[in-house]
Every structure is written in C-alpha cells, then in structure tokens.
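Engineer: Structure below; questions to follow.
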C-alpha cells in the first residue's frame, strides 16, 4: 500500500525533576543542600532511510514519545538524560506542523525536509529542573524546594512524501509510461492494456554509462480535473514538484478515441493548476505508439509540438524503438539543470521555558474571587513547597516576573481579596 501523507503526534521527553536533599554524613554537621538536577528529556529525531518508500507504517502507529529524563537525587547526583527517539522516514519526506497545532501565520509551516543524510531534531526534550543546591544563599542555607523539569515539546505533525526524482513521466493513463520506465531501468511496474494499471508512483534508475545515471519517476493517474481531485492524479501530483524536468508522453495514434493535441494541452493545464511552477518546468515530448499511427498523424503532431517550442521524440516504448535518442537528450538537459529542489525549513523558534516574562495566562473574576489560569503556572506550582516560607517567597517572585501581580491589580484586586490559582487560594497583599 502506497501512503504518501499521514498525520502523527510526537512528544519529546520531559526533563527530570530536581531533588530536595541534604547532606548526611557522620561527623559532618550542617552538610547543607545537595539535591542534584534532573536529566534532560530525549529529543524526537527524524532520519531518512533508503529502505523505506512509503509512509504506510505511520497509518498504524500515530503517537511517538521520547524518554523522560530521570529525576535528580542526593549527593548532587544529576538524573540520567532521556533516550532520544529516532523516527525513520522515506527520503523526500516533508515534516510540517499540523494546522490544529498552529495559528494562521504558521499553518503548514515546514519544519524539515528529510532529503539528506542528516538527523533532524523536530521536538526538543525539556531541560531538567534544578536541585535545591542551586537555591542555597548565605541567608537561605536550607532551601526545601527545587525546580521541576521543563516539559518536552508536544507537536502534531503532517508527514508528506515528495519523491526525489530527476525526471518525471507525465501523461494520460495507458499512454506507455510504465512500459518506458520498465525498458530503461530495473523498475518493474504493473503493465496492462487498461487505465490505472499503475496506482502508485514508480521510481527507476536509468544508467547511461559515461553520461552518468538519473532517477526517473512514473507518475500515475493524471486525467482532466486531476488537480481538482479527479482520478488518482490528485494523490500523486505532489511527486512531480521535485522533478528537475518532465517527459510528457502522448499516445500519438489516438487509438482510444482521444485527440493527442488535446491530451497534451489538458495535462499541461492540470500541472499548471496544481502548481504554476510546474508549467515552467523544462519538458520534452515523447510521442508513443507510432506503429499504430499514420504518417499523417505523426507529422501533424510533431509539427504541433515543435510550434509550441518543445523537442519531440517519436518512440515505441514497449520495444525500446528510438528510446535512446530520448534518453540522450534527457542526460544532456540534466547536466545544465539545477539539482533536485530542497524545501527550506521554517522551524518554530525554540522557546525559553525558564523565562516567565510574556507567558500567557488569564485573569477573571467570579464573585469575590479572582481566578488565574495558565499552563506555565502549573509548572511553577509543582516546584513550590507551600509549607516552607522561603519557597513561598520564590512563588511570589515568579508571579511578579510573569506579570500576574500586575494583571491582578489591573483587574481591580484589593487588599485581602481572594486569589485562586487552580487548587491554591490565598489573600492578596499589596
């Protein structure tokens, strides 16, 4: 089963929590705090695999999570770093943010183009929290609180496979594209005398000896209306986008009752409707099944194609007749063309989760109670020991740095009014 677009969810590992611990050793009085830091969470990494050609595996497993960092412990022992999760995908896979994970400005943002041998970090693990040894000062010698780990990035992604090929074969069904790729490469597509024999793109390597080699792709299913969803073509037009050039194959004989010139114009129009850049892509035209066409049909179609500014090659793909001149021209053109297109990633800026300024929260009033909510506040509250005075001071400073105190004053809070932050309530003091 050929699958070229899927939606998955990835979760990088959370950072481990810092430890609250105090040194205990015989004959050592007041050893002081020695809680270690939590370990960093594992990253989610995407890697291209030459052994994969479809995204079918992702249809059955949609959720992926890296390992959480271990918590810190006493004696200043830091927690172990979480193990990275490596996800292998076919070469040519685009990793995008799913629409429901982004605002309108970021919708469809490309995070990575997995088209090389590099590892691409898509979701970063959270940093480990500080142990209480970090909070010791000359005036606070026994801090009884530590920081929790920062959560790892949590993303919904769309994986979209765009095959990497130098040459794309386009044309109506049953014009001989599969026959051509089968005689010029080791590819073995399904070949039959009926429409939509090929139901998934086929790649083949064409070896031209000293002239080098190139990758050819048979793009199936293009018919009129393909760019709008007709036939199978709308599923596979994306695979044409990376091709450096196109071979447009046409059945010159018109044996199926279609006009070759009209076929040529329809396919070109569908390519342009799908992506205007495809209409500008270098193209040569191969007129197939010339053995079933009259000399008048061949001459008329050749004149028409040449008048459009394209080079024309009459062939019989099934028996490889006159195919070599076509391949020679392809090799010559590829030497002058730029390499296969790579998409520039537009990654989401890494957010400093330790910086509380500018973080989102809401303040609303219900009766005499001011309710404050914000996801980051839950993280701060995890680090607070509400039975410890110094820990409460840290909590107050966090609220001030995060802008909560100012927002409460703007909302009209007064001395001794009740403020509720999730399950914690306290009286406001100016």
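None of the figures in this text is laboratory data; all of them are computed from the coordinates on show. Keep in mind the model is a prediction, meaning the values are calculated, not measured. Positions of Cβ are generated from backbone atoms using ideal geometry, with glycine treated the same way; all protein chains shown enter the neighbour counts.
Engineer: Figure the gain on full extension for residue 47 and residue 364 (residue separation times 0.36 nm, minus the Cα-Cα span) and round it to one decimal in nm.
Structural biologist: 109.5 nm
Engineer: Let me ask something else. As I understand it, the value is the acute angle between the Cα axis of helix 323-334 and the longest principal axis of the Cα atoms of the chain; what does it come to in degrees, rounded to 10?
Structural biologist: 40
Engineer: Suppose a student asked you for the relative contact order of the range 123-186, using Cα pairs under 8 Å spaced at least 6 residues apart; what percent would you report?
Structural biologist: Computed value for the range 123-186: 30 percent relative contact order.
Engineer: Counting pairs of alpha carbon atoms under 8 Å apart in space and at least six apart in sequence, what relative contact order in percent does the chain give?
Structural biologist: Once normalised by length, the contact order is 14 percent.
Engineer: If one computes P(r) from the Cα atoms of the range 362-427, what percent of pairs lie at distances over 21 Å?
Structural biologist: For the range 362-427, the share of Cα pairs beyond 21 Å comes to 18 percent.
Engineer: For the range 5-161, give the share of DSSP beta bridges that are antiparallel, in percent and rounded to the nearest 5; count only bridges with both residues there.
Structural biologist: 70
Engineer: Please give the contour-minus-distance gain from residue 63 to residue 397: 0.36 nm per residue of separation, less the Cα-Cα distance, rounded to one decimal in nm. Walk me through the numbers on the way to the answer.
Structural biologist: Details: separation 334, 0.36 × 334 = 120.24 nm, distance 3.75 nm.
Taking 0.36 nm per residue and subtracting the Cα distance, the gain is 116.5 nm.
Engineer: While we're looking at this one, here's another question. How many Å³ per residue does the convex hull of the Cα positions in the chain occupy?
Structural biologist: For the chain, the hull spanned by Cα atoms encloses 200 Å³ per residue.
Engineer: Taking 0.36 nm per residue of separation and subtracting the Cα-Cα distance, what length does fully extending residue 275 through residue 422 add?
Structural biologist: Numbers: separation 147, 0.36 × 147 = 52.92 nm, distance 5.01 nm.
47.9 nm is the gain from fully extending residue 275 to residue 422.
Engineer: Taking R0 as 56 Å, what FRET efficiency do you get between residue 388 and residue 7 from their Cβ-Cβ distance, rounded to the nearest 0.05? The partial results should precede the final answer.
Structural biologist: Values: r = 45 Å, r/R0 = 0.81.
Approximately 0.80, to the nearest 0.05.
Engineer: Another question, then. For the range 270-329, just say rounded, prolate or oblate: build the C-alpha gyration tensor, square-root its eigenvalues into a ≥ b ≥ c, call rounded for a/c under 1.5, and beyond that prolate if a/b exceeds b/c, oblate if not.
Structural biologist: Numbers: a/c = 2.12, a/b = 1.58, b/c = 1.34.
Note, shape of the range 270-329 comes out prolate.
Engineer: What residues from the range 144-167 fall in the zone where the backbone N is under 16 Å from a label point 7 Å along the Cα-to-C-beta line of residue 340?
Structural biologist: 160-167
Engineer: Roughly what % of DSSP beta bridges within the chain run antiparallel, to the nearest 5?
Structural biologist: 55
Engineer: Using only Cα atoms, tell me the angle between helix 260-274 and the longest principal axis of the chain; keep it within 0 to 90° and round to the nearest 10.
Structural biologist: Helix 260-274 and the main axis of the chain meet at about 10 degrees.
Engineer: So, R0 is 51 Å and r is the distance between the beta-carbons of residue 118 and residue 295; what FRET efficiency does that work out to, to 0.05?
Structural biologist: 0.40
Engineer: How tilted is helix 295-307 with respect to the longest principal axis of the chain? Cα atoms for both, answer in degrees (0 to 90, nearest 10).
Structural biologist: Computed tilt is about 40 degrees.
Engineer: For the chain, what is the calculated [θ] at 222 nm in deg cm²/dmol (nearest 500), taking -39500 (n - 2.57) for each run of four or more DSSP H residues and dividing by its residue count? Don't skip to the answer; put the middle values down first.
Structural biologist: Numbers: 8 runs with 80 residues, N = 430.
Dividing the helical sum by the residues of the chain leaves -5500 deg cm²/dmol.
Engineer: Would you mind calculating the relative contact order of the range 5-161 from Cα pairs under 8 angstrom and at least 6 residues apart, reporting the percent as a whole number?
Structural biologist: Result for the range 5-161 is 37 percent.
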